[in-house]
Structures are given as C-alpha cells and as structure tokens.
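A.B. asks: Take a look at this one; I'll ask things after.
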Amino acid sequence: MKVELLSASPIAQLVKALRARSIEVPLDMLLPHVSFTFAVQDISRACSHQLVRHRVASYSQQSQRFVEVKALEKHVVVPSTISNSEKAYVTFWGLLKETQRAYEDLVGFSVPMEDARFVLPNATETHLLVTMDGQELFHFFGLRCCNRAQWEIRLLADSMLREVLRVAPELFRKAGPYCYQRGRCEEGRFSCGRIKEVKAKYDKMKEEA
Amino acid sequence: MKLQLIGFTPHLEEVLATAVLTTTIGSTPSKLFSRVSNDPKRVKSLIKGLQLQHGSVLEHNRINWLLEASDEEALNLLLKSKFFNLTRLRPGLWLLSANLRTIVEYVRSEEGPMRDALLGSMVEYAPTMQSCLEVKNREG
C-alpha cells in the first residue's frame, strides 16, 4: 500500500484572507471548506469497497473494464492470516492460479474485459484518487482508525492521517478514532477496551508529524 | 453581489488530468501525477478532450471565495446547487466553497453576474477549463 497526498487546500492563506477582513474564526469552522486529494495505490478491491462507502467524498478508480489485469499473482493483497498459515496459503494460491488461468482464457476467448473481470478476487490490487473535505476526514478517521475496523482500511486511514498531519497539524490535532476524538468509546460491548493504548498511539503520531 | 477568490487546491488541472488517466491507464496515480506535472501540453489536451458525462473527475479540488451577498442571494445560490458550501462570517459576508464540477455545472446552466464572476475567477485556478467554457459560451 502506498498513500500520497497530491493536493491540499491552502489553510494558512485562507486564514490570512479572513484576517484581512478582521475575521477570526476557529480552525474547525474551515473543515467543510478545505479538501485533501490522495493517490492511493496497491490496496485490495476488498479495501476499496469499504472506502467508497464513505459517500461524502470523490473517487476516481482504475477501471477493470479498460485496464487488463496482467500477472494477477503479482498484483494481489495477501492478508497475514493467510500468509502465516501453510494450509491457508496453499489454498489461497491454488485458487489464485486457477483464477488467473480462467481470466486469461476468457480474455483469450474475446470475452470483453468488463465481463472477464467477474472471476477476479477481492484480493486484486487497485489504484485510485480520493478527495475528502476536512469534516468527512474526521468522520472517516473516527470510524476507520478504530481497532474494530478491518486491518487494511485501518492501515489506509492511519496513512492518510499521517499525510494530512504533515501539511495541517493544527487542523487535525484532534483527529483519530472516535475514542481519541471524544474521550470515550462508542462501540459499546464491542469495545476493544484499550482506550489508553489508542490515545498513546495517536498522541505519538501527532508528536512525530 | 461581490465575489473574491481567496484560495484553491494547487495543481488543480494536473490533478484533474491524473484522475482522468487513473481510471483508464494501468499505471499508479502518483506516477501519472508526476508525469502530467511535467507535461502541460498533455494536461491541456486531456482537459480539452474531456467528455463531461458524470463529471466526477472534476471533483478532486476545492475553491474558496469571500462572497458579499444578502441572505436571499445566498439562499438562491444554495437552491441552484446543494454542493455549494456557505458559512456566514457576519451579516452580508460569507465564506463560499465548491469544487470545479459544481462551478462548471452552474456556469453551464445559469446566467447573470454570479455566473460571470465564477467563470471569471476560473482563469486563476483552471485556465484551460475556463477557456473551453468561454469558447462554448461564444458558440452559444
């Protein structure tokens, strides 16, 4: 997985323009007015399916209708629960080789890529651009930095948070999972119960930014 | 009504070109962005050839203005498109923001001083798109 912040609203410039009109506003007020565009690479389709559930955002994703998946075995995300188990690893790669053969055969039979892709697995890598405003990013981090989130999207959320902290540390000072933002866990009986550990993790991330 | 451009996400047209290519080319968006950033002719040609269908590639940006307008004028703007974002700073003064898709759709469907001001400020952040819209405007 690789995450790169391509473009971000010029927050200092906006604050300066407001001050020129003698207007002082809390930084939080700017959140819905600023946006951040990320290049996200080499995540699984399983991860991108979760990402696009965040609807107050814009996405441009590599199309499997127009881009042929070549050498599938080199372009898949393998969870550690599979790579760390010999039996699971053998099962996974056995199916993957069959899938690759079936996909290549279908394309060879002149089946359009938009139909041949029906056999591709959720593990297939994808690339996309995603743009979110500051308010939606806080919500995204609230849900997806949480220990209850699935590991790949949590890794993605942490990477995106590191990127925005680089350019706007003050604006995202309170960003992190909801327990970090609000001082209490909202997961009820599903809570991981590690709020202190989580707070230490995100405090450290802010210090390193 | 008076509009003052105060900021926008940088490299707006390069990011737009990257979004176009990301969907159809088997390369990574970081590489594509780096490539188009060194090739302004390619950026212009991609934007000029853009078919504005669902328009989502125009959404990877944010433009900010200060807007001097009455409550009614601000409400009219929001009624034209729910994708404008307004915050009242004090009576008669607003912080306005939108992405390029919202602006293009407004410019293409509306008439009047607000439309002209939005199109005029586009020369600062999306000059190629602005010239395309100006040409379509002249052609009627």
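The values are calculated or read from the model by the stated rules, or taken from the named source; none is laboratory data. Every value quoted in this text rests on a predicted model; they were computed, and no experiment measured them. So basically every Cβ, Gly included, is an ideal-geometry build from the backbone, and we count neighbours across all protein chains shown. These accessible areas exclude ligands, DNA and RNA; they are computed on the full protein's heavy atoms, side chains included. Shrake-Rupley method; radii C 1.70, N 1.55, O 1.52, S 1.80 Å.
A.B. asks: Can you pull the mean other chain C-beta count within 10 Å for peptide A:84-90? Don't skip to the answer; put the middle values down first.
C.D. replies: On the way: counts 0, 0, 0, 0, 0, 0, 0.
Per-residue shielding by partner chains comes out at 0.
A.B. asks: May I pose another question? Would the stretch A:27-115 count as rounded, prolate or oblate if I go by the C-alpha gyration tensor, calling it rounded below 1.5 in a/c and otherwise prolate when a/b exceeds b/c, oblate otherwise? Before the final figure, lay out the partial values.
C.D. replies: Numbers: a/c = 3.69, a/b = 1.63, b/c = 2.27.
Verdict is oblate for the stretch A:27-115.
A.B. asks: Sticking with this structure for a sec: Using modelled backbone amide H atoms (1.01 Å from N, in-plane), which distant-in-sequence or interchain residues come within less than 5 Å of residue B:93's amide H?
C.D. replies: Here the answer is B:69, since their amide H atoms fall under 5 Å of that of residue B:93.
A.B. asks: Let me ask something else. Can you put A:194, A:45 in order of accessible area, largest first, using a 1.4 Å probe?
C.D. replies: Working: A:194 105, A:45 40 Å².
If we order A:194, A:45 from most to least accessible, we get A:194, A:45.
A.B. asks: With a 1.4 Å probe and all protein chains in place, put B:20, B:43 in order of accessible area, largest first. Provide the component values of the computation, followed by the final result.
C.D. replies: Numbers: B:20 30, B:43 5 Å².
Greatest to least solvent exposure: B:20, B:43.
A.B. asks: Over 18 Å between Cα atoms, which of A:174/A:196; A:2/B:31; A:2/A:87 qualify? Don't jump to the answer; show the numbers that get you there.
C.D. replies: Values: A:174/A:196 15 Å; A:2/B:31 12 Å; A:2/A:87 29 Å.
From A:174/A:196; A:2/B:31; A:2/A:87, over 18 Å: A:2/A:87.
A.B. asks: Mean-square fluctuation check for chain B, GNM, Cα pairs under 10 Å: which of B:87, B:18, B:102 is largest?
C.D. replies: The residue with the greatest mean-square fluctuation here is B:87.
A.B. asks: Could you work out, residue by residue across A:59-65, how many beta carbons of other chains sit within 10 Å of that residue's beta carbon, and then give the average as an integer? Kindly include the intermediate steps, with their values, before the conclusion.
C.D. replies: Numbers: counts 6, 14, 5, 9, 4, 0, 2.
Average per residue, whole number: 6.
A.B. asks: Scan the stretch A:33-136 for GluC sites (Glu not before Pro) in coil per DSSP, keeping those whose Cβ has at most 14 other Cβ atoms within 10 Å, and list them by number. Please report the intermediate quantities before stating the final value.
C.D. replies: Values: sites: A:68, A:73, A:86, A:98, A:104, A:114, A:125, A:136; in loops: A:68.
Here the GluC sites (Glu not before Pro) that fit, given the DSSP loop and packing criteria, are A:68.
A.B. asks: Still on this structure: For the protein assembly as shown, what is the Kirkwood hydrodynamic radius in Å, using each pair of distinct C-alpha atoms?
C.D. replies: Numbers: mean 1/r = 0.0451 Å⁻¹.
For the protein assembly as shown, the Kirkwood estimate is 22.2 Å.
A.B. asks: With a cap of 11 neighbouring Cβ atoms within 10 Å, and only residues DSSP puts in a loop, list the trypsin sites (Lys or Arg not before Pro) found in the stretch B:1-107. The partial results should precede the final answer.
C.D. replies: On the way: sites: B:2, B:31, B:35, B:41, B:42, B:44, B:48, B:62, B:80, B:82, B:88, B:101; in loops: B:62, B:82.
Taking the stretch B:1-107 and a limit of 11 other Cβ atoms within 10 Å, the loop trypsin sites (Lys or Arg not before Pro) found are B:82.
A.B. asks: Taking every pair of alpha-carbon atoms in chain A, give the share separated by more than 23 Å as a whole percent. Provide the component values of the computation, followed by the final result.
C.D. replies: Details: 11942 of 21736 pairs.
Looking at chain A, the distances longer than 23 Å represent 55 percent of pairs.
A.B. asks: Grab the Cα-Cα distance for residue B:93 and residue B:79, subtract it from 0.36 nm times how many residues apart they are, and report the gain in nm with one decimal. Could the numbers behind the result be given before it?
C.D. replies: On the way: separation 14, 0.36 × 14 = 5.04 nm, distance 1.81 nm.
Contour length minus Cα-Cα distance gives 3.2 nm.
A.B. asks: Mind jotting down a quarter of the surface of the convex hull over the alpha carbons of chain B, in square nanometres, one decimal?
C.D. replies: On the way: hull surface 34.3 nm².
Seen from a random direction, the Cα hull of chain B projects 8.6 nm² on average.
A.B. asks: Hey, another quick one. At a 1.4 Å probe radius, which order do A:143, B:89, B:79 fall into by accessible area, largest first?
C.D. replies: On the way: A:143 75, B:89 35, B:79 130 Å².
Putting A:143, B:89, B:79 in descending order of accessible area: B:79, A:143, B:89.
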